[in-house]
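**Student:** Sharing a structure with you now.
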Amino acid sequence: MYVLFIKEIRSFFSSAIGFIVIGIFLLLMGTFLWLLPGENNVLESGYANVDGLFLLAPWLYLFLIPALTMRFFAEEKKSGTIELLLTRPLSTLQIVLAKYFAGVVLVVLSLLPTLVYVYSVYQLGLPQGNIDMGGFLGSFIGLIFLGAGYTAIGLWASSVSDNQIVSFLVAALLSFLLYYGFELLSLFFTSAYVQDMVSQMGMSYHYDSMSRGVIDSRDVLYFVTISVVFLFATTWFVTKRK
């Protein structure tokens, strides 16, 4: 399992695509935070915070993570190496988990360079260091959990199609529906109680909750459940092929 995990990491960085995808993510993030005028611009906000980072990242991840995960199983099936992979002395669940954890590591690696933005804001604060670190840590952890959920969805999408483009589109659409779809659906109800209940079914509700700096076990359980459901669905599809 560990060998397969390392293989996925190495294969991602052995081609220019991996660096291009992460590079585009960081370039877009930096452009919105420092160059483009607007409410997300750090220099124009007048406050020492990086809230724009955590507002933009979930939307950029809707494209980044499907791009990272679309090749995990779709490429294996297209190249015919999936049969060789399934003959290894590993259970289907171990294969799925190895690819999943590799995807999560890649997501975290793409997020780590954004700590430069946090350091910059820390230095620009008046007085220096005047930044809400509790809110930042909560948002950072929440973004990792959100990225892990997106990764599980992308892995499932890659297992159901031989075409990487189809896998990308399915993962992006399904991630959007789970992230913001329930927020949109809640608007059709007039009862505030029903609106809140429907909103709680979406990822954005729990991500926003963690972004306030309080790590609630209910929010953690929600993201873990989403990941587990899609991992078992992926295992079922791969086992069916096996």
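The values are calculated or read from the model by the stated rules, or taken from the named source; none is laboratory data. Computed from a predicted model, the values in this text were never measured in an experiment. Quick reminder, even Gly has a Cβ in these numbers, built from the backbone with ideal geometry, and neighbours come from all protein chains shown. Quick note on the areas: whole protein, heavy atoms, side chains included, nothing else; ligands and nucleic acids left out. Shrake-Rupley method; radii C 1.70, N 1.55, O 1.52, S 1.80 Å.
**Student:** So in the stretch 1-40, with the set limited to residues that are in contact with a helix residue (DSSP H, G or I) (Cβ under 8 Å, 6 or more places away or on another chain) and not in a helix (DSSP H, G or I), which one is nearest to S91 (Cα to Cα)?
**Tutor:** Top of the filtered list is M1.
**Student:** Tally the residues that are in contact with a helix residue (DSSP H, G or I) (Cβ under 6 Å, 6 or more places away or on another chain), in a helix (DSSP H, G or I) and in contact (Cβ under 8 Å) with a residue 60 or more places away in the chain, restricting the search to the stretch 210-232.
**Tutor:** 8
**Student:** Scan the stretch 212-242 for residues that are open to solvent by less than 40 Å² (accessible area, probe 1.4 Å) and closer than 18 Å to S175 by Cβ and report the count.
**Tutor:** Number of matching residues: 9.
**Student:** For the stretch 41-58, which residues satisfy the criterion of being open to solvent by 50 Å² or more (accessible area, probe 1.4 Å) and either in a helix (DSSP H, G or I) or among the acidic types (D, E) (or both)? Can you show your working first?
**Tutor:** Residues of the stretch 41-58 open to solvent by 50 Å² or more (accessible area, probe 1.4 Å): 43-44, 46-47, 51, 55.
Listed by number, the residues that qualify are L43, E44, D51, L55.
**Student:** Yes or no: the stretch 73-84 includes at least one residue that is among the hydrophobic types (A, V, I, L, M, F, W, C) and assigned to a loop (DSSP other than H, G, I, E, B).
**Tutor:** Scanning the stretch 73-84 turns up at least one residue that is among the hydrophobic types (A, V, I, L, M, F, W, C) and assigned to a loop (DSSP other than H, G, I, E, B).
**Student:** Which residues, taken from the stretch 45-79, are in contact (Cβ under 8 Å) with a residue 12 or more places away in the chain and touching an Asp or Glu at 6+ places or on another chain (Cβ under 8 Å)?
**Tutor:** Residues satisfying the conditions are N49, G52, F72, A74, K77, K78.
**Student:** Related question: What's the number of the condition G30 fails, among (1) at pLDDT 80 or above; (2) of a type in the set (G, A, S); (3) buried (at least 18 other Cβ atoms within 10 Å of the Cβ)?
**Tutor:** (3)
**Student:** When you scan the stretch 121-204 for helices (runs of 4 or more DSSP H) that lie fully inside it, which ones turn up with 3 or more residues that are closer than 21 Å to Y61 by Cβ and open to solvent by 20 Å² or more (accessible area, probe 1.4 Å)? First the steps, then the outcome.
**Tutor:** On the way: elements: 133-159, 164-176, 182-186, 192-199.
Those helices (runs of 4 or more DSSP H) span 133-159, 164-176, 182-186.
**Student:** Testing V105 on (1) within 15 Å of L68 (Cβ to Cβ); (2) without any contact (Cβ under 8 Å) to a residue 12 or more places away in the chain, one condition comes back false. Which one is that?
**Tutor:** The failed condition is (2).
**Student:** Residues G154, G147, G134: which one is small (G, A, S) and modelled with pLDDT under 90? Break it down stepwise before answering.
**Tutor:** Working: G154 fails: modelled with pLDDT under 90; G147 fails: modelled with pLDDT under 90.
The conditions single out G134.
**Student:** Return yes when I82 is in contact (Cβ under 8 Å) with a residue 60 or more places away in the chain and in contact with an Asp or Glu (Cβ under 6 Å, 6 or more places away or on another chain) and no when it is not. Even if it seems obvious, please write down each step before you answer.
**Tutor:** Numbers: in contact (Cβ under 8 Å) with a residue 60 or more places away in the chain: yes; in contact with an Asp or Glu (Cβ under 6 Å, 6 or more places away or on another chain): yes.
In short, yes.
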